[in-house]
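S.K.: Sharing a structure here in C-alpha cells format.
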Amino acid sequence: IGSSVESIGEDAFRYCYKLVEVYNKSSLNITAGSSSYGYAGYYAKNVYTEENGSWLTDTADGYCFLYDGAKGYLVSYYGEATDISLPDSFTAYDGTIVNSYEINRYAFYGNTALTSVTIGSSVESIGEDAFRYCYKLVEVYNKSSLNITAGDSSYGYVGYYAKNVYTEENGSWFTDTADGYRFIYDGAKGYLVGYYGEATAITLPDSFTAYDGTTVNSYEIYKYAFYKNTALTSVTIPDSVTSIGDRAFYRNTELTSVTIGNSVTSIGDGAFLGCTGLTSVTIGNSVTSIGFQAFYNCTGLTSVTIPDSVTSIGSYAFEYCTGLTSVTIGNSVTSIGYSAFSGCTGLTEINWNAVSVENFNSNSNVFYNAGTAGDGIAVTFGESVEKIPAYLFYVSNSSYRPNTKSVIIGSNVTSIGSYAFAYCSGLTSVTIPDGVTSIGGAAFSGCSGLTSVVFEDTEGWQVSQNSSFSNYTSLSSADLANTSTAAKYLRSTYWNYYWRKVK
C-alpha cells in the first residue's frame, strides 16, 4: 500500500483469501486480522511498514512459505503439477531451516487441476478451507499424524473430494494411460477422474488396466473429471461408461458435440453446465435421469431428444438454452423439475410423449419465458399420452409466460389438467379429441387469442364448480358445436370450474 494512498473503500480486499502479507507504506493503521480498511489485513499473517520486512519464501517448484520467527506456514502453490508431494522442509527468508509447518487456510483453495497430494510427515495442521473447491483432488497420501478420511471436510477439506486416502507406500489406486486418461479402481468399481491428453476430439476408452492388473470393462465418469477443459471439441462416450458425474464437463466452452453411450444410466447435476458451444448431444437409450442444471446455459444447443428410458428431468436442466428450437420428451418421463426449460426463448417445437407427469404445480414454471423470441411454440402430444399435466404451460408472471401458438392433442388423451394452457395468449385454435372426458379448472383460462375450439364429440358435457360434480350444469351440444362459442366457454373455465363428459 503506497504512501500516497489516503483511504481504502469498504470490502476492497474482501475475499482475497491468499493475501497473507501486506507492506504498508501509508499512514493507515492496517493490522493483521482486522476488517478495517477494506479487509486489507484481514487474511494477513504479516503486516510490515519498513523495507525488507517480508516473511515470505518462494521455492523453485512453486511453493510459497511464510516464517514468522517461530512457526512455518505453507500459504500457496503456484506450480503447474497435478500430483504433488509437499516439501519436508523449507529455508526461510532469514536462512532458518524450517522442518515442520502448517498448511495455511486457503493455501490450495480452488485449485481445480490438482488430483493427488502427499501430506508429508512434517505437516502439523491444515487450516480452514485450505483445499476447499479442489474438485479433482481424488487421492491423498497422508504421511502425517492427522486423521484425514475420504469425504470429510475436516483438515481444510483435503479429503473431502477423495476416493482414496492412504497412509502407506504403494497405496495408490491410480492408473495413467499413455493417451492421457487417469483412472481409479477401488477394487469394485472403476472411475475416470481426469484427462491430461492434448487431443481435442476424443473417444473414451472401452476399458483400462487397473493398478493391480485387473482389466476394468465398465466405469463411471467421476464428478469434475473434465472440469473447465476449454480444449475439447468432441466427446464420444462408449457403452462401457455407466454414469456421468456431477459437473463432469462443466464449462467445456469449446465442446460442440457429445455422444452418450447406451450404458449410461444417469447424467449428473451440472454435467454439461455452461457448455455454450455445444450444438449436438445424443443421449443414450439407458439414461433414466438428467440431473439438476445438467445442460444449463448450453446456448448453442438447437435440438434435444429425451429418450423413452428417461424418467426424471431435474430442475433447470435446460434453462437458458436460448438456441434450443426443438424438444422431444420421451414417454417414460414422470417427473420434470422446476424451470427445466425456462428461458429457452428460441423454442419453436415441443413433441410431448410423456404418459404421466404428476409433480407440476403453480410454481413449476417449466416453460417460463420459453418460445418468446420467435413466432411461438407448436406443441404436439403423441399417441402415447393419456393425461396432459396440470400447470404444464402455466406461468404466474405475465411478463414471462411461454409463447405457445398451436397445440395438437393426441387421440388417446383422456384428460387435460387444470391450468395446463392457462394464459397461452398466442393460442388461436385447438381440437378436443373425442377421447377426452375431463378438462380441469382454468385449463384454457386467459387464452385471449383462442377463438376456435373444435369438440370432436359434443355430447354429454357437464360443468361444475367442484371436482366432485355434486352440483353441475349440462352444456348444450349445439353450443359446443359452434367453434367460437366453444372457445368462449373454454376461455371462461376459471380455476373452480371443471368439465367432464358423461355417456
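The values are calculated or read from the model by the stated rules, or taken from the named source; none is laboratory data. Only a predicted model underlies this, so the values are computations on that prediction, with no experimental measurement involved. Cβ: placed from backbone, ideal geometry, glycine included. Neighbour counts: every protein chain shown. To get the accessible areas, we keep the full protein, side chains included, count just its heavy atoms, and leave off ligands, DNA and RNA. Shrake-Rupley method; radii C 1.70, N 1.55, O 1.52, S 1.80 Å.
S.K.: What pairs come up if the first residue lies in the range 73-95 and is in contact (Cβ under 8 Å) with a residue 60 or more places away in the chain, the second is of a type outside the set (Phe, Trp, Tyr) and assigned to a strand (DSSP E or B), and their beta carbons are under 9 Å apart, counting only those six or more places apart or on different chains?
M.R.: Close Cβ pairs satisfying both conditions: 82/116; 82/182; 82/194.
S.K.: Would a scan of the range 392-404 turn up a residue that is more than 14 Å from residue 364 (Cβ to Cβ), of a type in the set (Lys, Arg) and either at pLDDT 95 or above or under 31 Å from the mean Cα position of the chain (by Cα) (or both)? Quick ask: steps written out before the conclusion?
M.R.: Within the range 392-404, the first condition is being more than 14 Å from residue 364 (Cβ to Cβ), and the residues that meet it are 398-399, 403-404.
Now narrow it down to the ones that are of a type in the set (Lys, Arg): none.
No: zero hits.
S.K.: Considering only the range 36-62, state which residues are of a type in the set (Gly, Ala, Ser), assigned to a loop (DSSP other than H, G, I, E, B) and open to solvent by less than 60 Å² (accessible area, probe 1.4 Å). Steps first, please.
M.R.: The initial filter retains those residues of the range 36-62 that are of a type in the set (Gly, Ala, Ser), namely 36, 38, 40-41, 44, 53-54, 60, 62.
Now drop any that are not assigned to a loop (DSSP other than H, G, I, E, B), which leaves 40-41, 44, 53-54, 60, 62.
Scanning the range 36-62 gives 40, 41, 44, 53, 54, 62.
S.K.: In the range 453-469, which residue that is in contact with an Asp or Glu (Cβ under 9 Å, 6 or more places away or on another chain) and open to solvent by less than 70 Å² (accessible area, probe 1.4 Å) is nearest to residue 406 (Cα to Cα)? I'd like the intermediate steps shown before the answer.
M.R.: Within the range 453-469, the first condition is being in contact with an Asp or Glu (Cβ under 9 Å, 6 or more places away or on another chain), and the residues that meet it are 455-458.
Subsequent filtering for residues that are open to solvent by less than 70 Å² (accessible area, probe 1.4 Å) retains 455, 457-458.
Working: 455: 16, 457: 20, 458: 22 Å.
For the range 453-469, the residue satisfying everything is 455.
S.K.: Here is a further query. Taking only the range 9-30 into account, find how many residues are within 21 Å of residue 54 (Cβ to Cβ) and either in contact with a Pro (Cβ under 8 Å, 6 or more places away or on another chain) or in a loop (DSSP other than H, G, I, E, B) (or both).
M.R.: Going residue by residue through the range 9-30, those that are within 21 Å of residue 54 (Cβ to Cβ) are 13, 16-30.
Imposing the further condition that a residue be either in contact with a Pro (Cβ under 8 Å, 6 or more places away or on another chain) or in a loop (DSSP other than H, G, I, E, B) (or both) reduces the set to 13, 16-20, 24-30.
So the count comes out to 13.
S.K.: Can you pull out every residue in the range 108-144 that is free of Cβ contacts under 8 Å to residues at least 60 places away in the same chain, out of contact with any Leu (no Cβ under 7 Å at 6 or more places or on another chain) and over 17 Å from residue 89 (Cα atoms)?
M.R.: 110, 111, 113, 116, 127, 128, 130, 132, 133, 139, 140, 141
S.K.: Among 317, 271, which is of a type outside the set (Val, Ile, Thr), touching a residue at least 24 places away in the same chain (Cβ under 8 Å) and closer than 20 Å to residue 360 by Cβ? Steps first, please.
M.R.: Details: 271 fails: closer than 20 Å to residue 360 by Cβ.
None of the other options fit; the residue is 317.
S.K.: Select from the range 161-187 the residues that are under 29 Å from the mean Cα position of the chain (by Cα) and part of a loop (DSSP other than H, G, I, E, B) and write down the one among them that is farthest from residue 82 (Cα to Cα).
M.R.: Narrowing the range 161-187 to residues under 29 Å from the mean Cα position of the chain (by Cα): 161-165, 173-177, 179-186.
Within this subset, residues satisfying the condition of being part of a loop (DSSP other than H, G, I, E, B) are 161-163, 173, 177, 179-180, 186.
Numbers: 161: 15, 162: 14, 163: 16, 173: 16, 177: 15, 179: 16, 180: 13, 186: 20 Å.
Going through the qualifying residues, I end up with 186.
S.K.: Does any residue in the range 235-261 that is at positive phi and crowded, with 17+ Cβ neighbours inside 10 Å come within less than 9 Å, Cβ to Cβ, of a residue that is part of a loop (DSSP other than H, G, I, E, B) and of a type in the set (Lys, Arg) six or more places away or on a different chain, and which pairs are these?
M.R.: 247/223; 251/228
S.K.: Continuing with the same structure: Only one of (1) surrounded by 16 or more Cβ atoms within 10 Å (Cβ to Cβ); (2) at positive phi is not met by residue 450, so which one is it?
M.R.: (2)
S.K.: Return the residues of the range 327-345 that are open to solvent by 20 Å² or more (accessible area, probe 1.4 Å) and under 14 Å from residue 301 (Cβ atoms); say none if nothing qualifies. Full working, then the answer.
M.R.: Taking the range 327-345 first, the residues open to solvent by 20 Å² or more (accessible area, probe 1.4 Å) are 328, 331-332, 334-335, 338, 345.
Across the range 327-345, the qualifying residues are 328, 345.
S.K.: State which residue pairs qualify: first residue more than 21 Å from residue 412 (Cα to Cα) and inside the range 457-469, second residue surrounded by 14 or more Cβ atoms within 10 Å (Cβ to Cβ) and at pLDDT below 90 in any location, beta carbons under 8 Å apart, and separation of 6 or more residues or different chains.
M.R.: From the range 457-469, the pairs are 463/493; 463/497; 464/497; 465/497.
S.K.: Still on this model: Enumerate the pairs (first residue in the range 411-440 and without any contact (Cβ under 8 Å) to a residue 24 or more places away in the chain; second residue anywhere and of a type in the set (Lys, Arg) and crowded, with 16+ Cβ neighbours inside 10 Å) with beta-carbon separation below 9 Å, excluding pairs fewer than 6 apart on the same chain, so at least 6 apart or on different chains.
M.R.: 427/405; 434/501
S.K.: Taking the range 295-314, which residues are within 15 Å of residue 366 (Cα to Cα) and open to solvent by less than 30 Å² (accessible area, probe 1.4 Å)?
M.R.: 295, 313, 314
S.K.: Among (1) open to solvent by 30 Å² or more (accessible area, probe 1.4 Å); (2) more than 29 Å from the chain's Cα centre (by Cα), which single condition is residue 369 missing?
M.R.: (2)
S.K.: Hey, another quick one. Only one of (1) closer than 17 Å to residue 414 by Cβ; (2) open to solvent by 30 Å² or more (accessible area, probe 1.4 Å) fails for residue 472. Which number is that?
M.R.: Result: residue 472 passes all but (1).
S.K.: For the structure I just gave you, tell me whether residue 48 is over 30 Å from residue 6 (Cα atoms) and of a type in the set (Phe, Trp, Tyr).
M.R.: Numbers: over 30 Å from residue 6 (Cα atoms): no; of a type in the set (Phe, Trp, Tyr): yes.
No.
S.K.: Just to verify a result, which residue in the range 436-446, among those that are open to solvent by 20 Å² or more (accessible area, probe 1.4 Å) and not in a strand (DSSP E or B), is nearest to residue 474 (Cα to Cα)? Even if it seems obvious, please write down each step before you answer.
M.R.: At the first step, the residues of the range 436-446 found to be open to solvent by 20 Å² or more (accessible area, probe 1.4 Å) are 437-438, 446.
Narrowing further to those that are not in a strand (DSSP E or B): 437, 446.
Details: 437: 14, 446: 23 Å.
Within the range 436-446, the match that is nearest to residue 474 (Cα to Cα) is 437.
S.K.: A further question follows. List, please: which pairs have Cβ atoms under 8 Å, are six or more places apart or on different chains, and start with a residue in the range 155-178 that is farther than 23 Å from residue 205 by Cα and modelled with pLDDT under 95 and end with one that is open to solvent by less than 60 Å² (accessible area, probe 1.4 Å) and not β-branched (Val, Ile, Thr)?
M.R.: Short answer, once both residue conditions are applied: none.
S.K.: Which pairs do you get when a residue that is on the phi > 0 side of the Ramachandran plot, found in the range 33-59, comes within reach of a residue that is assigned to a loop (DSSP other than H, G, I, E, B) and basic (Lys, Arg), reach meaning Cβ atoms under 6 angstrom, with the pair 6+ apart or on two chains?
M.R.: Close Cβ pairs satisfying both conditions: 39/14.
Yes/no per residue for (1) modelled with pLDDT of 95 or more; (2) assigned to a strand (DSSP E or B):
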{"residue": "448", "(1), (2)": "no, no"}
{"residue": "453", "(1), (2)": "yes, yes"}
{"residue": "457", "(1), (2)": "yes, no"}
{"residue": "466", "(1), (2)": "no, no"}
{"residue": "487", "(1), (2)": "yes, no"}
{"residue": "493", "(1), (2)": "no, no"}
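S.K.: Considering only the range 274-284, how many residues are open to solvent by 10 Å² or more (accessible area, probe 1.4 Å), assigned to a loop (DSSP other than H, G, I, E, B) and either in contact (Cβ under 8 Å) with a residue 60 or more places away in the chain or within 28 Å of residue 217 (Cβ to Cβ) (or both)? Working first, answer last.
M.R.: Residues of the range 274-284 that are open to solvent by 10 Å² or more (accessible area, probe 1.4 Å), as a first pass: 276-277, 279-283.
Then drop every residue that is not assigned to a loop (DSSP other than H, G, I, E, B), which leaves 276-277, 279, 283.
Imposing the further condition that a residue be either in contact (Cβ under 8 Å) with a residue 60 or more places away in the chain or within 28 Å of residue 217 (Cβ to Cβ) (or both) reduces the set to 283.
Qualifying residue count for the region: 1.
S.K.: Here is a follow-up. When the residues of the range 210-232 are narrowed to those that are open to solvent by less than 50 Å² (accessible area, probe 1.4 Å) and among the polar types (S, T, N, Q), which ends up farthest from residue 293 (Cα to Cα)?
M.R.: 214
S.K.: Taking the residues in the range 192-209 that are hydroxyl-bearing (Ser, Thr, Tyr) and in contact (Cβ under 8 Å) with a residue 40 or more places away in the chain as candidates, determine which candidate is least open to solvent (accessible area, probe 1.4 Å).
M.R.: Result: 200.
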